[in-house]
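The values are calculated or read from the model by the stated rules, or taken from the named source; none is laboratory data. Owing to the predicted nature of the structure, the values given are computational and were not obtained by experimental measurement. Cβ sites come from the backbone with ideal geometry, for glycine too, and all protein chains shown count toward neighbours.
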Amino acid sequence: MVPLTYSASPPPSDADLRRLSAQTAGELQSVCRDHGWALHITAGEPANGSAYVQFPPLRVDVAQEIVAGLRRLLNNRCAECTAIKRRRAQAIRDKDMTTAAAAATAMGRHQRAVH
Ligand SMILES: [Zn+2]
């Protein structure tokens with residue numbers, strides 16, 4: 001499969017854009033299904049050199065589920081990162097620079113190991 005990019009010249013043909021739309025719609029539908037959202041996402045028609053996918057009209061309760069799911073993702077930060085940051089912030093408030101430095105070191109170690 002040849003990767004399709006907008007910056008490549010010559011510009012992608014409508015057929016390329018339709019293929020990209022179909023592929024992306026399939027991927028988006030698949031990842032939504034894995035998430036428990038049964039959405040029938042379809043390829044849109046190319047316009048002005050861009051490829052599009054179309055969402056179906058969403059029932060409000062489904063849209064609210066999507067909002068809640070995305071919010072959970074945004075808020076679902078790593079627990080270890082959160083704990084280390086909290087420890088460092090508390091140490092700084094306490095002017096305990098030894099503990100603050102140790103927390104910064106621990107964060108570096110954790111980031112390299114886990115993220
Ligand atoms: Zn982390």
| For Lys95, which of the numbered conditions (1) assigned to a helix (DSSP H, G or I); (2) modelled with pLDDT of 95 or more; (3) basic (Lys, Arg) fails to hold? | (1)
| query | Name the pairs whose Cβ atoms lie under 6 Å apart, with the first residue in the stretch 99-115 and closer than 17 Å to Ala89 by Cβ and at pLDDT below 95, the second within 11 Å of the ligand (Cβ to nearest atom) and among the acidic types (Asp, Glu), and 6 or more positions between them or separate chains? | reply | His110/Glu80
| Candidates Arg59, Arg77, Arg88, filtered to the one that is farther than 30 Å from Arg33 by Cβ and either within 16 Å of the ligand (Cβ to nearest atom) or over 21 Å from the mean Cα position of the chain (by Cα) (or both) | Arg88
| message | Tell me whether the stretch 53-75 contains one or more residues that are touching a helix residue (DSSP H, G or I) at 6+ places or on another chain (Cβ under 7 Å) and among the aromatic types (Phe, Trp, Tyr). | response | no
| So which residues in the stretch 34-50 are hydrophobic (A, V, I, L, M, F, W, C) and assigned to a loop (DSSP other than H, G, I, E, B), if there are any at all? | Trp37, Ala38, Leu39, Ile41
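Pick out the one residue from Ser30, Ser21 that is part of a helix (DSSP H, G or I) and modelled with pLDDT of 95 or more. Spell out how you get there, then give the answer.
Numbers: Ser30 fails: modelled with pLDDT of 95 or more.
Just a single option satisfies the conditions, and that option is Ser21.
Quick grid of which residues meet (1) exposed (fewer than 12 other Cβ atoms within 10 Å of the Cβ); (2) in contact (Cβ under 8 Å) with a residue 40 or more places away in the chain:
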residue	(1), (2)
Leu28	no, no
Arg33	no, no
Thr42	no, no
Gly49	yes, yes
Val60	yes, no
Val67	yes, no
Glu80	no, no
